[in-house]
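Sending over a structure as structure tokens; questions will come in a sec.
The values are calculated or read from the model by the stated rules, or taken from the named source; none is laboratory data. It should be emphasised that the depicted structure is a prediction, and the values quoted were computed from it without experimental measurement. Virtual Cβ from ideal backbone geometry, glycine too; neighbours counted across all protein chains shown.
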Amino acid sequence: MELTGGQIVAKALKANGVDYVAGIPGDGSWSLVEALLTAGTDVPFIQVMLEPSGVHLADGYFRACGRPMAVLLAGPLGISTALSAIADASAQSSAMLVISADDAKCDDDRLVTASGGVTKEHRRVSRIEQLPQALRQSFDTMFSGRVGPASLNIPAAVQDVSIDVSLAPATLRANSEVPRAGSRLNIVALPQGAAAGGLDDSASDVSPLTVHRPLAALRSILEEEAILVVGVGPLQAIARQVFPLYHPGTRLCAANVGAQGWAVPAAIGAKLAMPARQVVCAVGGGDFLQSMQEMAVCVMHSIPVVFLVFNNSGGVSVGDVQTPALEQRRTGEFNLPDGKPYSPDFAGIARNFGLDAWRVEHASQLDSTFTRALNSKGPSLVEVMIARDSRANHDACGSHG
């Protein structure tokens, strides 16, 4: 059977149980993208707005279902832009195949091979005859020992040429044999928050709100198997207190490597992995600004994620680190020149992207707004205005975040 290099990759991905490829097409990847978009390939290509988002999306996907995605990065620039995201996925032991493609115009291949430092293995295919074996070895590497990403560089010259090749399914990892990471973990749902002896601010009607009340209200409405994807900072510690878990794998948190910008695309990946479950992305305003452009992906592909954005006019948790050391805050707050707080209208921005969106300013609005968002037929966003002075959040969650 005569196949191009791009077609070999597309068929191998499908044979290995890869259901989606995320990334940004560019120089050196056109043949591979064309192969993915060809009728009968059945591996949809999800075009993201920024390279790291493709990696974060694949990370969220794997952590939700235990199956790998592939990520397509175009050229050295795409690789260098996504390095911290790949490192984050590696730290979380998330399996994915990171495919880099280039047109061989770059004389210095240090950027092309840079992903080898943050993946389990990096391979560069210089001839099409090497491609089938390289693909098999990459998938074997991902799931041998500690699970993690593998990277594979496939130049345009390899994608374009054809070869008579046989991809026997018996020589490739079958979909049913791809390990599901969650099944290997002994995870038990434990009582948290007030049930575990912690502080309980979840019933407070104080205005402006703290993070605790909205998260507790959300928990009371969500199905037990719903997935909560949590961004960086104190939000993670608060979620551990007031958002109890009833099933393993239903709360995904950002690691300390990729940091801000992870939650939005990771939530999209989780929803792709578990389309029958409710998926909510809880994120601070500063974190949300790092990757809110990926809302476009939800609209274009009809992916109904609910984004819960806590707006305190800044990435205040950053400034909180300075306060004890310097006795003042110099960073984190978003201010106008006259010192007044500044914030984008996140609900308005979401509507312009095509989402249903609401702003909540009082606890009495929470239940009805969350219900509308969860019943929306497409992606939606709830912007909750919270206290700018986040000391209440830090006091409740101790030293976490």
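Can you go through ASP107, ASP103, ASP140 and tell me which one is on the phi < 0 side of the Ramachandran plot, out of contact with any Gly (no Cβ under 9 Å at 6 or more places or on another chain) and at pLDDT below 90?
ASP107
Give the residues of segment 64-82 that are in a helix (DSSP H, G or I), surrounded by 24 or more Cβ atoms within 10 Å (Cβ to Cβ) and in contact (Cβ under 8 Å) with a residue 60 or more places away in the chain, sorted by residue number.
Selection gives ALA64 alone.
Being touching a Gly at 6+ places or on another chain (Cβ under 8 Å) and either free of Cβ contacts under 8 Å to residues at least 40 places away in the same chain or within 27 Å of ALA255 (Cβ to Cβ) (or both) is the requirement here; does LEU57 meet it?
yes
Now for a separate question. Can you name every one of the helices (runs of 4 or more DSSP H) wholly within segment 327-401 that holds 2 or more residues which are at pLDDT 95 or above and among the aliphatic types (A, V, I, L, M)?
346-353, 366-375
For segment 137-154, how many residues are in contact (Cβ under 8 Å) with a residue 60 or more places away in the chain and either under 20 Å from GLY5 (Cβ atoms) or hydroxyl-bearing (Ser, Thr, Tyr) (or both)?
From segment 137-154, those in contact (Cβ under 8 Å) with a residue 60 or more places away in the chain are 139, 142, 149, 151, 154; that's our starting set.
With either under 20 Å from GLY5 (Cβ atoms) or hydroxyl-bearing (Ser, Thr, Tyr) (or both) added as a condition, the list becomes 139, 151, 154.
The qualifying residues number 3.
For segment 36-53, enumerate the residues that are of a type in the set (A, V, I, L, M, F, W, C) and free of Cβ contacts under 8 Å to residues at least 60 places away in the same chain.
Result: LEU36, LEU37, ALA39, VAL43, PHE45.
Can you say whether GLY28 is surrounded by fewer than 23 Cβ atoms within 10 Å (Cβ to Cβ) and of a type in the set (Gly, Ala, Ser), as far as the supplied structure shows?
Answer is no for this residue.
Considering every residue within segment 217-233, establish whether at least one is of a type outside the set (A, V, I, L, M), touching a Lys or Arg at 6+ places or on another chain (Cβ under 7 Å), surrounded by fewer than 19 Cβ atoms within 10 Å (Cβ to Cβ) and over 30 Å from TYR342 (Cα atoms).
Yes, segment 217-233 contains a residue that is of a type outside the set (A, V, I, L, M), touching a Lys or Arg at 6+ places or on another chain (Cβ under 7 Å), surrounded by fewer than 19 Cβ atoms within 10 Å (Cβ to Cβ) and over 30 Å from TYR342 (Cα atoms).
Right, here's the next one. With the structure loaded, tell me whether THR41 is modelled with pLDDT under 90, buried (at least 22 other Cβ atoms within 10 Å of the Cβ), β-branched (Val, Ile, Thr) and not in a helix (DSSP H, G or I) or whether it fails that test.
Considered against the rule, which asks whether it is modelled with pLDDT under 90, buried (at least 22 other Cβ atoms within 10 Å of the Cβ), β-branched (Val, Ile, Thr) and not in a helix (DSSP H, G or I), THR41 comes out as no.
Something else: If you check ALA263, ALA276, which single one turns out to be of a type outside the set (Phe, Trp, Tyr) and surrounded by 21 or more Cβ atoms within 10 Å (Cβ to Cβ)?
ALA263 is the lone residue from the list that is of a type outside the set (Phe, Trp, Tyr) and surrounded by 21 or more Cβ atoms within 10 Å (Cβ to Cβ).
Show the residue pairs that are 6+ apart or on different chains and have beta-carbon atoms under 7 Å apart, the first residue being within segment 1-20 and in contact (Cβ under 8 Å) with a residue 60 or more places away in the chain, the second being among the acidic types (Asp, Glu) and part of a strand (DSSP E or B).
Between residues of segment 1-20 that are in contact (Cβ under 8 Å) with a residue 60 or more places away in the chain and residues that are among the acidic types (Asp, Glu) and part of a strand (DSSP E or B), the close pairs are MET1/ASP164; GLU2/ASP164.
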